[in-house]
Structure formats: structure tokens, C-alpha cells
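The values are calculated or read from the model by the stated rules, or taken from the named source; none is laboratory data. All figures in this text were calculated on a predicted structure; none of them were measured in a lab. Cβ atoms come from the backbone with ideal geometry, glycine included; neighbour counts cover every protein chain shown. These area figures cover heavy atoms from the full protein model, side chains too; ligands, DNA and RNA do not enter into them. Shrake-Rupley method; radii C 1.70, N 1.55, O 1.52, S 1.80 Å.
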Amino acid sequence: QSLEILHFDLQFSSESCIFQKIYLTAKLQEKEMSNAYFRIQEPTNEPYHSYAPGTPERASLKKRLKEMKSEVIEIPAIIGGKEVRTGNTEDVVMPHNHGHKLATVHLCGEKEVKMAVEAALEAQREWAALPWEERVAVFLKAADLVSGSWRDTMNAATMLGQSKTPHQAEIEAAGELADFLRFGAWYLSKIMADQPHSPDGVWNRVEYRPLEGFIFAVSPFNFTAIAGNLPSAPAMCGNVALWKPSTEAVYSNYFFMKLLKEAGLPDGVINFLPGRGSSIGDPVLESRHLSGLHFTGSERTFNHLWKTIGNNIDMYDTYPRIVGETGGKDFIFAHNSANIESLVTATLRAAFEYQGQKCSAASRMYIPESIMEEFKEKFLAEVSKIKVGDVEDFSNFMGAVISKKAFESITGYIDYARDSEEAEILAGGQYDDSEGYFIQPTVILTSNPKFKTMKEEIFGPVITLYVYKDDELDEAMDLCDSTSPYALTGAIFARDRHMIKKMSDRFRQSAGNFYINEKPTGAVVNQQPFGGSRKSGTNDKAGSVMNMLRWLSARSIKEVSDAPVDWRYPYMDEE
Ligand code: NAD
């Protein structure tokens, strides 16, 4: 009511700009007004369903898979809340049955990028002015949809479009995605409460503002959860985003975009732009309003984006924040005191789950001579039991690799090893893309610790073993640390406590996520913040408070109650 009166008075007393401004500020403050400090309950990690025979979740997921597979949908871009069909389309197929079409996706280009930048900036004023608790409410609701009524849809879409088994889909498209959203909201509430010291007579405050401009979120094919988090984390902080999903994961990603709408995300806060990398990337990075890049994908793409931002730096209104998580050449390093059974299980899961297409997948292993024979016998016996095939057959442990391009690249490494004098294929090595892009779990043994498959990220179901002499542990650790340019994940296996300490120290910079007697995959939000350094990225730890801070720009405010009225200092007085 007082605002109404103010407005009334102003209209009649003056038309001047200053008064207009006061009115607008007052109006905005009214919108921002909160009558309490709001607290977000510390979340717990979303529990996983087992999908074991006889469970209702299994029946429900199978039903949803069948429904979704029976229709071909159209995937438009979503700009300012509106569906945009460009007519430049591409088929979305299942990797494990590439003759089966799931969707037609409309690909965007420069025109749609321009529309999206405008829509985002338009949405930004109101979104940034919303109190933080109102913004996170949207994402908390989205988390409940992910873990509730949309769970089957998110899992089924991830299984069909990215060829994940029910377990692999469940732990991320449901579990990790809900965790990212809930913990993101909680971290933000903790940041907001973090305030500076105020001495007597002074009130110091820090306000956590979103960045000015828009965030460019660029996501990889391999995790629906990462894709959903890349635009959502900055958006919770009050930012607006242009989200470029991977065309290889666009099916599940589109359903998440629809879910956000149902959760109440205002139009234009996140704009969904499917398309080829450079058709979207080039025009986006030419916008003066770019305020940040939130990227997960390969080192090559990240280097390209970073260089482009560097070249365009004079164009931008602000220095863009650059956050990127990239590749890995993740290791398992065994000591001769290791428990062989747990080493076998960890290596098998870390190397072959989701067909080795995890940035954290174990793809090189160092094993001492004294335990090699026992390990080899047990490991190969288990690998031979792995079933590869259609993910709708729940007895399969592995599905197909994502695309023809991936299939050709991975099988190229296998052929290289087959033809090399320095390597032997101990298991697998077969592949067949007649129906789906299937590659058998492959184990290579090499005599050369710097062999190509020990150094380069393959991103497929291939692990290479190198055997070291027991009394050359230090040399072997040096090799492990220096062979690849990455430093994402790594695991050591040992029972000898002195050795655990020695190896932990030696590998301090070799991995951002380090595991002791545990596989190097499967990081959980709020338990093992995820990311690596060297060529694995900026290590801003997705799903942690460290990441959220990157999307905020603090404003320090100092207010004094009794401002000095004499400019002179006491030391200047006469003796
Ligand atoms: P990719 O680099 O091929 O693609 C990632 C995204 O970048 C896609 O959306 C792609 O379309 C886009 N892109 C490509 N060129 C672009 C350009 N010029 N402008 C704008 N966007 C462009 O990676 P991918 O194959 O989707 O994912 C696999 C890679 O991601 C692996 O290297 C893996 O290790 C890495 N990864 C890392 C993490 C991590 O947390 N460190 C997590 C998952 C995946």
C-alpha cells in the first residue's frame, strides 16, 4: 500500500527521472522482500532402486521403456520458453539398435543463437531479482520430479538414447541428477549465509550476485546428470543460460528440459539449443554478453573453446568465468599386498561399466609381477562372464558404445594393439556394428609402459595392463604419474599401511579423485566432489560449493552508523 501512495505522490509531484528511479527501486525491493531467513534442510543422497526381478520398479521401468520405444518424437529447440523448429533435422537412434529411430531433432544455428541470447537477457532481469529461495524452489521441485513421477522417463530415455543398463541409468539420470539439484540448492543457502565480520559502528555485508550476461552450458553425451547440472547450477545462482546438449544425448536431455518447465522454471532462464558444436559455439562465443562457460567434454573441445574466448576477449563486457571438466586416463595401481578379489571386482567395474565411456573409467593398470598370474587368471575368468547387448535385456552388463564415430575410434585402438609387437590381447578384441555399436570388453597386456593405449583416452571398454617388477615400485609410480597428460581419477590397492601412505603421497597431483582400495569411478555428490586437474580440467568440482561459487559475483557493502565528520587524525594535533 505504501508503494501505491509513493507512486501516487511521485506522479503528482514530479515527472523527473530521479523520482521515477526511486519508484522503480522501491517496486523492485517490494519484490525482493523476505520476512525471514530461509533455511534449506541438508539433503541426503537419493537412494537407488535395484530393479531386481519381482520389484515394482522393474515392472514400471520396463513398461516405460516399451512406451517410449514405440513412438518417434520431435525434439525442437526451446528458446524463451517457445518450441522452435528449424527444419534442419537429424535422426536420433538407439546406439544398441541403430536401425531404430527414437526422435527427429531440430538443429540450431546462428539465427537461433541470437534469439536465445535475447531471450536469456530478457529473462535475466526478473530472474536475478527473484529472492534466491524462490529460485531454488524451482530446482528442489525439479529434483522431486526426477526422483518421483519422472524417474522412469529419465531412466528409460537414458537407457534407450545413450545405451545404459538400468543400474547405470538409475545411479545418474535419477540419483545423481536429483542430488545435483538438491545439494546445489543447499550449498547456495550456505553461501548466502556466509557474511563478513562487522566491528562496532559498521555493518559489513556481502551480497552474492549472479554474473551479468549469460552462461554457455555445453554438455557431453555420457551423463544425463551432468548435462542437467551444467545449466541448472548457474541458473540457481540467478544466472540465465544457453544450453547446448550433445546431439548424442539430446533425447534424455530434452525430457529434462520439459521437466524443468513442469517444475516452474520461467521461460528464457535456460534455453535449449541442440546443434552441431561450431554452429552453436561460434556465434555464442561472439556475443559480448557471454559471462561464463560451463563445460564438460573432451580436452580438444575445451581447448578450442578456451582459445576462442581468449581471442574474443576484447569483445566481452565482463571476463567470462571458464569452468571445464575434460578427459581422463584413469589408473589402477596395485601393490603386492593388495586383496586380489577386490582388485578384480573394482577393475572389472571401473573398466567396463557403461562400456568404459566414463571420464573416470579405469583404462590403464599397473600390477606387480608377484601377483600378476593370480590376478590375470581370476580377472579373465570374470571378464569372460560379461554379457554385452541390448540394454532392455536386464541380464546384460554392457550395452553399445554411443555412435559410429566412437565405434571406429575405439576399434582403431584395438586393431593397433592387435598388430603391435609390444602388446597382446588377453580378452575381448571382437566387435560388431551390424545392429548396434557393440564392442566386447577388451584387456590388453603391454610390455611398453608408454604404449599408445597406456597414454591416450580411448573412451571405450578397453583396459591396458603393465606389469612392473616388485622391487621397482618407485619407478612404476613415476611412470604412472607421468605417462598421461590427465589427472582425473586414480585408485591404489594395498593392505600395507606404509605403502598406502607412500602411494597417496606420490600420487598427490596425479588425480583429483583418488581412491584407496576402491574403484576409481562412481563419485557421489556431497561425498566425493568430482574433478581433476592437469589436462582433466579446471577442477572446480561439479556438485560442490566450489562450483557454485564460480557462478556468483560478490558485492561487498559497508555501512557506517556514525560517519566521521572531521577529516583530521589525532596524530596531527599540537603536543
Ligand atoms: P565432446 O568434446 O566431443 O563434446 C562435448 C560437447 O561439446 C558436445 O555437446 C559437443 O557438441 C560440444 N562441442 C563440440 N565442439 C564444439 C564447439 N566448437 N563449440 C561448442 N560446443 C562444441 O565430448 P563427448 O564425446 O560428448 O564426451 C566425452 C568426453 O567428455 C570425454 O573426453 C570424457 O572424459 C569427458 N567427460 C569428462 C567429465 C569430467 O567430469 N571430467 C565427465 C564426463 C565426460
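The number of residues in segment 340-355 being aliphatic (A, V, I, L, M) and touching a helix residue (DSSP H, G or I) at 6+ places or on another chain (Cβ under 8 Å) comes to 4.
Do we find a residue being closer than 19 Å to ALA346 by Cα and either open to solvent by less than 10 Å² (accessible area, probe 1.4 Å) or in a helix (DSSP H, G or I) (or both) anywhere in segment 470-482? Break it down stepwise before answering.
Just the residues of segment 470-482 that are closer than 19 Å to ALA346 by Cα, to begin with: 480.
Applying the additional criterion that residues be either open to solvent by less than 10 Å² (accessible area, probe 1.4 Å) or in a helix (DSSP H, G or I) (or both) yields 480.
Within segment 470-482, one or more residues are closer than 19 Å to ALA346 by Cα and either open to solvent by less than 10 Å² (accessible area, probe 1.4 Å) or in a helix (DSSP H, G or I) (or both).
Go through segment 35-60 and give me each residue that's in contact (Cβ under 8 Å) with a residue 24 or more places away in the chain and hydrophobic (A, V, I, L, M, F, W, C). Selection gives PHE38, ILE40. Only one of VAL284, VAL269 is farther than 22 Å from ILE171 by Cβ, under 23 Å from the mean Cα position of the chain (by Cα), more than 16 Å from the ligand (Cβ to nearest atom) and not basic (Lys, Arg). Can you tell me which? Answer to the selection: VAL269.
When you go through LYS385, LYS376, LYS358 one by one, which is the residue that is at pLDDT 95 or above and within 16 Å of the ligand (Cβ to nearest atom)?
Details: LYS385 fails: within 16 Å of the ligand (Cβ to nearest atom); LYS376 fails: within 16 Å of the ligand (Cβ to nearest atom).
On inspection, the qualifying residue turns out to be LYS358.
Here GLY292 meets each of (1) within 16 Å of the ligand (Cβ to nearest atom); (2) within 27 Å of SER482 (Cβ to Cβ) with one exception, condition (2). Selection of first residues in segment 254-277 that are within 14 Å of ARG135 (Cα to Cα) and of second residues that are within 16 Å of the ligand (Cβ to nearest atom) and aromatic (Phe, Trp, Tyr), restricted to Cβ pairs under 7 Å at least 6 apart or on distinct chains, gives the following pairs, ordered by first then second residue: ILE270/TRP243. Counting only helices (runs of 4 or more DSSP H) wholly contained in segment 187-303, the ones carrying 2 or more residues that are open to solvent by 40 Å² or more (accessible area, probe 1.4 Å) occupy 250-263, 277-285.
Can you confirm whether segment 242-252 contains a residue that is of a type in the set (S, T, N, Q), closer than 26 Å to GLY275 by Cβ and more than 16 Å from the ligand (Cβ to nearest atom)?
Within segment 242-252, none of the residues are of a type in the set (S, T, N, Q), closer than 26 Å to GLY275 by Cβ and more than 16 Å from the ligand (Cβ to nearest atom).
For segment 408-451, which positions are hydrophobic (A, V, I, L, M, F, W, C) and either open to solvent by 10 Å² or more (accessible area, probe 1.4 Å) or modelled with pLDDT under 95 (or both)?
Narrowing segment 408-451 to residues hydrophobic (A, V, I, L, M, F, W, C): 410, 414, 417, 423, 425-427, 438-439, 443-445, 451.
Selection gives ALA423, ILE425, LEU426, ALA427, PHE438, LEU445.
With respect to (1) without any contact (Cβ under 8 Å) to a residue 60 or more places away in the chain; (2) within 16 Å of the chain's Cα centre (by Cα); (3) more than 16 Å from the ligand (Cβ to nearest atom), the lone exception for PRO199 is condition (2). When each of SER342, SER363 is tested for being under 28 Å from GLU472 (Cβ atoms), within 16 Å of the ligand (Cβ to nearest atom), at pLDDT 95 or above and open to solvent by 10 Å² or more (accessible area, probe 1.4 Å), the lone residue that passes is SER363. Take ALA406 and tell me if it is in contact with a His (Cβ under 6 Å, 6 or more places away or on another chain) and either touching a residue at least 40 places away in the same chain (Cβ under 8 Å) or more than 21 Å from ARG497 (Cα to Cα) (or both). Spelling it out, it is not the case that ALA406 is in contact with a His (Cβ under 6 Å, 6 or more places away or on another chain) and either touching a residue at least 40 places away in the same chain (Cβ under 8 Å) or more than 21 Å from ARG497 (Cα to Cα) (or both).
Could you identify the single residue in ALA563, ALA554 that is assigned to a strand (DSSP E or B), over 30 Å from SER337 (Cα atoms) and of a type in the set (Gly, Ala, Ser)? The conditions single out ALA554. Checking THR483, THR521 one by one, the residue that is among the polar types (S, T, N, Q) and farther than 30 Å from GLY161 by Cβ is THR483 and no other. Taking the listed residues ILE332, ILE309, the one that is assigned to a strand (DSSP E or B) and either without any contact (Cβ under 8 Å) to a residue 60 or more places away in the chain or away from the ligand (no atom under 14 Å from the Cβ) (or both) is ILE332, with no other qualifying.
Looking at TYR319 and the list (1) more than 9 Å from the ligand (Cβ to nearest atom); (2) touching a Lys or Arg at 6+ places or on another chain (Cβ under 7 Å), which single condition is not satisfied? TYR319 satisfies every listed condition except (2).
Any idea how many residues of segment 369-395 are open to solvent by 20 Å² or more (accessible area, probe 1.4 Å) and outside any helix (DSSP H, G or I)? Give the derivation first.
At the first step, the residues of segment 369-395 found to be open to solvent by 20 Å² or more (accessible area, probe 1.4 Å) are 369-370, 373-374, 376-378, 380-382, 384-388, 390, 392-395.
Next, from what is left, pick out any that are outside any helix (DSSP H, G or I): 384-388, 390, 392-395.
Looking only at that region, the number is 10.
Considering segment 498-521 alone, what residues qualify as being open to solvent by less than 70 Å² (accessible area, probe 1.4 Å), touching a helix residue (DSSP H, G or I) at 6+ places or on another chain (Cβ under 8 Å) and of a type in the set (Val, Ile, Thr)? The answer is THR521, and nothing else. Quick one: is ARG495 basic (Lys, Arg), open to solvent by 10 Å² or more (accessible area, probe 1.4 Å) and part of a helix (DSSP H, G or I)? So ARG495 fails the test.
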